[in-house]
Each structure stands twice: as structure tokens, then as C-alpha cells.
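The values are calculated or read from the model by the stated rules, or taken from the named source; none is laboratory data. No experiment lies behind these values; they were computed from the predicted model shown. Cβ sites come from the backbone with ideal geometry, for glycine too, and all protein chains shown count toward neighbours. When the accessible area is computed, the model is the full protein with side chains, heavy atoms only, and any ligands, DNA or RNA have been set aside. Shrake-Rupley method; radii C 1.70, N 1.55, O 1.52, S 1.80 Å.
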Amino acid sequence: MKTSSGLALDQRPGGQDGRPDLGERDQWTGSVKVRVEDSWFTAERSLLASCSDFFRALFSCGMAESGRDSLHLKGGLSARGFLLAMAVCRGQVVPALSGVDDPDELVEAIECAAFLQMAPLERHLCNTLDSDNCVLSYRAASVYGLRVLEQSSAHFLRDTYDDLREEAESNLPPDLLRYVESLSPASYVALGTHSPSVAELRDSIRLVCHLDETAGEWRRLTELPTACSTALAGVAVLDNRLYVVGGVYGYGKPAVDGGFCYDPETGAWSTMPGPQQHRYDFTLLGHEGRLYAVGGEVNKKTVSSAEAYDVCTGEWTSVAPTPRPVGAAACAVARRRMFVCFWRPPDTTDIYEYEAGRDVWTLTTTMIRRQSYGHCMVAHRDNLYVMRNGPGDDFLRCLMERYNLTTGQWSAMPGLYVNSKGALFTAAVRGDQVFTVKHMLTLVYGVESGGKAWKPRRQMKGFPASGSLWTCLLRLPRTGGSGPVSGPVTPPEKPDQHTHPLLDTSEGFVDAML
């Protein structure tokens, strides 16, 4: 049997007469043996059907092949790629695949995701993009037709283009290179702490600015709506849109109901409903199409309730409460996993992961440091970086701890990090760079030595207004002259095939996919 994805299927009989007994079992229950190259794998049919469009179609087609006990996948798939796919589908922790140490393994995984139409594996490859594998991922994804991975790789490469330009020019064909160069890198964006005001008051704190890295200075992006509050509000980015939710009116702390969303493509603000509990001083995270409002204060009392906002339905729903009440908690998203710090001053920081699929909070690790707890947390690759007080409880000279999600080990970062007026607490990671800013200075660090050190890389002008800041990353439209271009740049509808020593297109499988 030849499939539309270019794979050949060889089936073995499921019963003595060569036909499955459909009256005794459902086609989606039980297990099936799958042969890839010379290796055999046993997997649950329901798992394969839920993770792979190829297997879902095969098991649901109603033909005799749908009920076989064993299948032989021919057509170029590797056993190693299929093993990785099964690990991802089963929810196992799988490290990033390097485009340097073993490029063949990365290509085999991309090939498997394409031929078996495995969305979870493609998401995993997107989630583990880094400067070691983004160039090869981009090229292989364009050949095998994985458009989500292709687009994600192109954006990641654009964000790290200054460091990877030579590698990209040596390994990418002209059309793929031109597309990367046509994209805008993610911009560092900052907004001040602002309470609702009136339109006539031209308050400089209402400005939202972005960093012009070419000129080394901050430029106006937009203004906050007059009814918007960033004081003790929740601020997050989801799907390249900026959300400002809740907050307070002035010092009396009456909670603001509702929120605002800024779309950089249109340059316009829109309104949105606030959480069911009118909270402030809470943590807001954007993840997989939802905003999560975690903890905070309600009627001047710290709470443990949490809610999720579905941007498609425009509705807030309650999710599992946090392990204990928490306000203004440090948080980060690493490898598309959500982590939140829970302080137990003065010595302990518990880091919990929220698993949206199971709606549970799970303790990941605990950091115990005398007279110190995590003020801020950011993520780079599979590392969580926690900024804490320096010597003598000095938060202006921070120490930093690194927790590796793959090894489960803590390690201390060398040296002290100057945290003048809390600049480190504004950190945002783009590629292998960490951006920090305050009124006096914008400082960019480079993450080096496999994540074991941050070293100052570039210094630019500070934010043009004093006070507390919120920062984030937004991908802004390309500008030409005085304004944005008329529309977003899109990749070619149909990628061309390109010759590459690691991408064998000679057997005709890629032709079938493209």
C-alpha cells in the first residue's frame, strides 16, 4: 500500500484468515507493532492516532489494513527518528537536537514529523529551537514542507542574525536567506507605570517605546489608552500582541476592571474583559493561546486563585489554584513550559510548573539561600535564571542562580550583576541575548559558555522616563520611510527543493510532500 505522504506500508495478517476481527475490538484500541528499518516498536493505537494524522487516517479508513496487528513503514524513515517521535508523543522530557553535534538526528526527526504528519513532534522542534540548530531546522523544514517549523526557525534566525550571519550565508540558498533578511527581529519594548488619566494630560509615562538597536536609542511606539493602568497590572505578550490587564487606580488601590490589547501590525488598541476576580499585583503569562492570571491581591488580600483567558472565545475561566497565596510572582516560560516562583522569605524559593493539559501545579525544584529569594526569573534554552539578593541583602548587586531543566541541577553564576534601580528585574531574552533597561542605561548581555555566564555585550541609552518599567519583546512591522509597510511579509507559497548533503531527496519522498 502506497500512502499520499510517500510511505509504503507492508501489513502482516491480524488473524488466521488475514482479516482483523472488527467485531471483537475497536480500531482505535489495543496496541500495534510498527517496524521501521530493522527495529520494532509497540505503541497504543490511540496514542498514534492522537499524535499523527497519518495513523489517524490509516486506523479510520475502514479497510483491512486499518486493523492489522503489525505494520512495516518503508520509504526512508529512520528508526531513530521514530523513537524520538514516540518519546515526544508520550510526554517524555526530550532534549533539544543539535544541528552541530549530530545533524543527521535533527534531519531524521524533521523527516519523521513531515511524513507521519506529527504535530506534537513539530511543536517540540519549534520549542527547542536555538542558535545551534535553527539554520539546519530552517533549511530542512523548507524541504520537507513543515511550514510552522520553517516560519519559527526563520524568526529565530532573524533574532540571532548578527551572530549567525556567516553560517546562514554558507548553508542557506538565496531565496531562504532573502526571506530571513526581509523579516523584522523582535524588538525590546518598554512601558512605564501609569494610572488611568484623561486624554488632555500628555503624560510621558503613557508612552510605549521600542529600542532602535541601530541608533542605540528608544523611540516612540504608541501611547497607552487613557483608561489603561500599568500600576500593579498584569503585562504579557501572546501571539505577538501586548496585553495589559487589571491594575489599580492611584494609591487607594481600587482594582481596574478590564484590560487592553495592542496589535503592532495595525498599531491599534482594543479592549478586553478583566478576570472574574478583579485582582491586581498578579502574574500574567501568555501561553498556547491563553493568558493566565496567577494569584495577586483581591480586596487587599493575597489570593491563590488563578484564571485563564481564551483569546478565541474572549472568556475567562477558573483553573487550579496555586499551591499557596502569591502576589507579583516571578515567572518564565522555558521550552513552552510555564514556571512560577513562590517565595517563602527570607530564605526559600519554590519553583512550580503549571501543566495546562492536566490543570495541575507541580513542584519542580526549591532554592534555599540565606536571606535571599528570587526577585526575577528568565529562561534561556532549558535554563531558568533566578536573580536574588547580593551580599548583605543588597538587591542592587544581584547574585544569579541557574537551574537546568534537563539535568535538574542548580549552579551559581559567577560574579555579581549590577542591578542599578532594579534594571535586572526588567530582563527579556531574545536568542542568546538578554536585554535590561532603566532610566540611565540599556545594557545587553550575551549568554555564553553553554549558558554558564552572562557577559555585557552592548550599552545604549536608557528609557526616556523614570520610574518602574514593564518590558517585553514584540515583532514590529518593517518600516519604510514614515510608517509600517502595507502588509506582513510572507514566505513563498511553495518552497523549492535545495541540494544539501544531509537532505537526500533522491528517492522521491520529498516530491510527494511538496
Charge dipole (the chain, unit charges on Cβ, about Cα centre) - positive-most of S50, G246, G357: G246
Probe 1.4 Å - accessible area at R358, Å² to nearest ten: 150 Å²
Solvent-accessible ranking of H124, H278, largest area first, probe 1.4 Å: H278, H124
Rounded to the nearest 20 debye, dipole of the range 318-369 from Cβ charges on Lys, Arg, Asp, Glu: 120 debye
Residue-level accessible surface for V429, protein heavy atoms, 1.4 Å, Å²: 40 Å²
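How big is the dipole moment of the chain about its Cα centre under a simple scheme where the beta carbon of each Lys and Arg is +1, that of each Asp and Glu is -1, and everything else is neutral? Debye, nearest 20, please. List each step's numbers first, then the result.
Working: 51 positive and 61 negative charges, 357 e Å.
With only Lys, Arg, Asp and Glu charged at Cβ, the dipole is about 1720 debye.
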Rounded FRET efficiency, nearest 0.05, which uses the C-beta distance separating V93 from A320 and R0 of 25 Å: 0.70
Pair R241, L396: separation of 7 Å Cα→Cβ label points (nm): 4.2 nm
Accessible-area value, T471, 1.4 Å probe, nucleic acids and ligands omitted, Å²: 30 Å²
Angle between the chain longest axis and helix 103-115 axis [Cα atoms, degrees, rounded to 10]: 70 degrees
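Where does the range 285-441 land on Rg(C-alpha)/(2.2 N^0.38 Å)?
On the way: Rg = 15.9 Å, N = 157, 2.2 N^0.38 = 15.0 Å.
Taking the Cα Rg and dividing by 2.2 N^0.38 Å, one obtains 1.06.
In deg cm²/dmol, rounded to 500, what helix-only [θ] at 222 nm does the chain give when every DSSP H run of at least 4 residues adds -39500 (n - 2.57) and the total is split over its residues?
Details: 10 runs with 97 residues, N = 514.
The helix-only estimate for the chain comes to -5500 deg cm²/dmol at 222 nm.
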Beta bridges by DSSP in the chain, antiparallel share as percent, to the nearest 5: 95 percent
Inter-site label distance for Y249 and C312 at 7 Å from Cα along Cβ, in nm: 3.6 nm
Charge dipole of the chain about the Cα centre (unit charges at C-beta), most positive-ward option of Y161, A334, S39: A334
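Using the heavy atoms of the protein chains alone and a 1.4 angstrom probe, what is the accessible area of the range 362-426 per residue in square angstrom? Please report the intermediate quantities before stating the final value.
Numbers: 2850 Å² over 65 residues.
Each residue of the range 362-426 exposes 44 Å² on average to a 1.4 Å probe.
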Exposure ranking of S152, S137 by accessible area [1.4 Å probe, largest first]: S152, S137
Distance in nm between pseudo-label sites at S466 and R147 (7 Å out along the Cβ direction from Cα): 5.2 nm
Relative contact order [Cα under 8 Å, 6+ residues apart], the range 302-400, whole percent: 19 percent
Taking the chain and dividing mean pair separation by its residue count, relative contact order in percent (alpha carbons under 8 Å, at least six apart): 11 percent
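DSSP loop (so not H, G, I, E, B), at most 16 other Cβ within 10 Å: list which trypsin sites (Lys or Arg not before Pro) in the range 202-306 pass both filters. Write out the running numbers ahead of the final one.
Working: sites: R202, R206, R219, R220, R241, R279, R290, K300, K301; in loops: R202, R279, K300.
Passing sites in the range 202-306 are R202, K300.
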FRET efficiency for D257 and H72, using Cβ-Cβ distance with R0 set to 51 Å, rounded to 0.05: 0.25
Principal-axis tilt of helix 161-171 within the chain, Cα atoms, nearest 10 degrees: 20 degrees
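How much of the accessible area of the range 213-321, probe 1.4 Å, is carbon plus sulfur, in whole percent?
Working: 2190 of 4670 Å².
Carbon plus sulfur share of accessible area: 47 percent.
For L416, L177, give the ranking by accessible area with the largest first, probe 1.4 Å. Don't jump to the answer; show the numbers that get you there.
Numbers: L416 80, L177 25 Å².
Largest to smallest exposure gives the sequence L416, L177.
What percentage of all Cα-Cα pairs in the chain are separated by more than 46 Å? Spell out each step's value before the answer.
On the way: 23719 of 131841 pairs.
So the portion of pairs separated by more than 46 Å is 18 percent.
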